[in-house]
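Colleague: Just dropping this structure here.
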Amino acid sequence: MSQFSSIRAAAIQMVSTPDVTENLATAERLIAQVAAAGAALAVLPEYFAIMGRRDTDKLAVAETFGGGLIQDALARMAAKYRIWLAAGTLPLKCDDPGRVRNSLLVYGPDGKNVARYDKIHLFGFDNGSERYCEADTIEPGNVPVAFDTPFGRVGLAVCYDLRFPEFFRALGRVDVLLLPAAFTATTGRAHWETLIRARAIENQCFVVASGQGGLHPTGRETWGHSMLVDPWGLVLDCLPQGEGVVMAELKASQLERVRKTLPALDHRVM
């Protein structure tokens with residue numbers, strides 16, 4: 001496992017539309033902004049590339065892993081701005097023609113893809129007035145992903161994964177968790193911050209959580225509140241609603257202090 005070193009990180013919040021080209025332009029504008037401010041790591045939200053009018057809209061823009069309009073644009077942006085880019089999620093083709101993988105791709109500052117995680121836990125919610133069933137159009141992944149970088153070990157998760165603490169234990173010991181999301185306003189209001197801080201505290205790591213945040217052209221409302229949280233559970237920065245960015249220095253000294261003062265990870269017996 002690589003030794004963690006301090007890094008300036010950014011969570012990018014969007015209010016994505018059904019237009020892929022428009023969303024890519026917004027993403028690049030915000031990536032340029034955080035790179036100019038000194039961020040070396042940026043995280044885009046879940047569904048950053050498309051929030052369709054219908055759940056099936058993403059099928060029409062799904063790409064084969066390795067290339068396509070969205071992937072090529074992301075690789076170019078990472079290289080242009082010399083930044084580690086966790087590209088929210090985008091639809092990648094799978095064997096089932098009626099579904100896609102909801103995939104988080106990470107690019108290095110050279111523009112090369114270094115990691116892929118396909119969302120494992122698929123959101124299902126029905127309170128009588130709101131209904132979501134991601135399994136209708138998404139094929140779940142089955143492999144948790146963590147990988148080493150020059151600044152430390154990074155774990156990947158997406159949105160609904162946040163509710164399953166055993167998933168994060170399966171990642172092993174990581175220094176930073178990257179979590180793109182599109183929490184609904186209803187569930188986000190109740191649980192978003194509580195869950196993020198809990199995952200940071202119990203895994204003694206930083207969490208960079210990037211959300212969709214506002215009222216979309218489709219009428220869907222997402223919670224936003226993109227935030228960066230330290231290993232003690234302290235919220236370092238947060239953006240409640242609307243398009244924008246939050247940034248913070250993820251300090252190696254803080255990670256070391258928490259793990260040394262309260263070595264809970266070393267005390268685990270199960």
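Colleague: In the set F65, F48, F125, which member is in a loop (DSSP other than H, G, I, E, B), closer than 17 Å to Y160 by Cβ and of a type in the set (F, W, Y)? Explain how you work it out, then say what you get.
Modeller: Details: F65 fails: closer than 17 Å to Y160 by Cβ; F125 fails: in a loop (DSSP other than H, G, I, E, B).
Of the residues listed, the single one that is in a loop (DSSP other than H, G, I, E, B), closer than 17 Å to Y160 by Cβ and of a type in the set (F, W, Y) is F48.
Colleague: Go through the range 39-62 residue by residue and tally those that are within 16 Å of R116 (Cα to Cα) and in contact with an Asp or Glu (Cβ under 9 Å, 6 or more places away or on another chain).
Modeller: Residues flagged as within 16 Å of R116 (Cα to Cα) and in contact with an Asp or Glu (Cβ under 9 Å, 6 or more places away or on another chain) within the range 39-62 amount to 0.
Colleague: Within the range 152-186, count every residue that is over 21 Å from P263 (Cα atoms) and of a type outside the set (V, I, T).
Modeller: Final tally of qualifying residues: 15.
Colleague: Go through the residues of the range 147-154 one by one and say whether even a single one is exposed (fewer than 15 other Cβ atoms within 10 Å of the Cβ), among the small types (G, A, S) and either modelled with pLDDT under 95 or more than 13 Å from the chain's Cα centre (by Cα) (or both).
Modeller: Scanning the range 147-154, I find no residue that is exposed (fewer than 15 other Cβ atoms within 10 Å of the Cβ), among the small types (G, A, S) and either modelled with pLDDT under 95 or more than 13 Å from the chain's Cα centre (by Cα) (or both), so the answer is no.
Colleague: Output the number of residues of the range 176-186 satisfying the condition of being buried (at least 17 other Cβ atoms within 10 Å of the Cβ), over 11 Å from the mean Cα position of the chain (by Cα) and under 17 Å from W223 (Cβ atoms). Let's see the steps before the verdict.
Modeller: In the first step, residues of the range 176-186 are kept if they are buried (at least 17 other Cβ atoms within 10 Å of the Cβ); the result is 176-185.
From what is left, the residues that are over 11 Å from the mean Cα position of the chain (by Cα) are 176, 183-185.
Applying the additional criterion that residues be under 17 Å from W223 (Cβ atoms) yields 183-185.
Final tally of qualifying residues: 3.
Colleague: I'd like the full set of residues that are on the phi > 0 side of the Ramachandran plot and in contact (Cβ under 8 Å) with a residue 60 or more places away in the chain, limited to the range 39-76.
Modeller: Scanning the range 39-76 gives a single hit, Y47.
Colleague: Hey, V158 hits all of (1) of a type in the set (A, V, I, L, M); (2) in contact (Cβ under 8 Å) with a residue 24 or more places away in the chain; (3) over 14 Å from K119 (Cβ atoms) but one; which does it fall short on?
Modeller: (3)
Colleague: Check R173, R169, R189, R199 and return the single one that is among the basic types (K, R), outside any strand (DSSP E or B) and surrounded by 21 or more Cβ atoms within 10 Å (Cβ to Cβ).
Modeller: R199
Colleague: Another question, if that's okay. Those residues that are in a loop (DSSP other than H, G, I, E, B), of a type in the set (A, V, I, L, M) and in contact with a Gly (Cβ under 9 Å, 6 or more places away or on another chain), I need them from the range 106-122; list them, please. Give the derivation first.
Modeller: Step one: list which residues in the range 106-122 are in a loop (DSSP other than H, G, I, E, B), which gives 108-112, 119-122.
Add one more test, that the residue is of a type in the set (A, V, I, L, M), and what stays is 120, 122.
Result: I120, single match.
Colleague: Could you list all residues from the range 220-256 that are closer than 12 Å to R197 by Cα and in contact with a Gly (Cβ under 9 Å, 6 or more places away or on another chain)?
Modeller: M227
Colleague: Looking at the range 202-210, can you tell me whether even one residue there is among the hydroxyl-bearing types (S, T, Y), touching a residue at least 60 places away in the same chain (Cβ under 8 Å), surrounded by fewer than 24 Cβ atoms within 10 Å (Cβ to Cβ) and closer than 24 Å to P18 by Cβ? If you could, list the steps in order and put the result at the bottom.
Modeller: First, the residues of the range 202-210 that are among the hydroxyl-bearing types (S, T, Y): 210.
Filter again for touching a residue at least 60 places away in the same chain (Cβ under 8 Å), leaving 210.
So of that shortlist, the ones also surrounded by fewer than 24 Cβ atoms within 10 Å (Cβ to Cβ) come out as none.
The answer is no, given that none of the residues of the range 202-210 is among the hydroxyl-bearing types (S, T, Y), touching a residue at least 60 places away in the same chain (Cβ under 8 Å), surrounded by fewer than 24 Cβ atoms within 10 Å (Cβ to Cβ) and closer than 24 Å to P18 by Cβ.
Colleague: If you take the residues in the range 13-62 that are touching a helix residue (DSSP H, G or I) at 6+ places or on another chain (Cβ under 6 Å) and over 16 Å from Q212 (Cβ atoms), which one is surrounded by the most Cβ atoms within 10 Å (Cβ to Cβ)?
Modeller: Applying the filter and picking the extreme gives I31.
Colleague: So, in the range 217-234, of the ones that are surrounded by fewer than 19 Cβ atoms within 10 Å (Cβ to Cβ) and touching a helix residue (DSSP H, G or I) at 6+ places or on another chain (Cβ under 7 Å), which residue ends up farthest from E46 (Cα to Cα)?
Modeller: That would be W232.
Colleague: Let me ask something additional. Let me confirm something: among L178, L162, which residue is within 26 Å of L250 (Cβ to Cβ) and either in a strand (DSSP E or B) or at pLDDT below 95 (or both)?
Modeller: Details: L162 fails: either in a strand (DSSP E or B) or at pLDDT below 95 (or both).
Of L178, L162, the one residue that is within 26 Å of L250 (Cβ to Cβ) and either in a strand (DSSP E or B) or at pLDDT below 95 (or both) is L178.
Colleague: Looking at S103, S5, S16, which one is polar (S, T, N, Q) and assigned to a strand (DSSP E or B)?
Modeller: Numbers: S5 fails: assigned to a strand (DSSP E or B); S16 fails: assigned to a strand (DSSP E or B).
Of S103, S5, S16, the one residue that is polar (S, T, N, Q) and assigned to a strand (DSSP E or B) is S103.
The values are calculated or read from the model by the stated rules, or taken from the named source; none is laboratory data. Since we're looking at a predicted model, the values are computed, not measured. For neighbour counting, all protein chains shown are included, and Cβ atoms are generated from backbone atoms with ideal geometry for every residue, glycine included.
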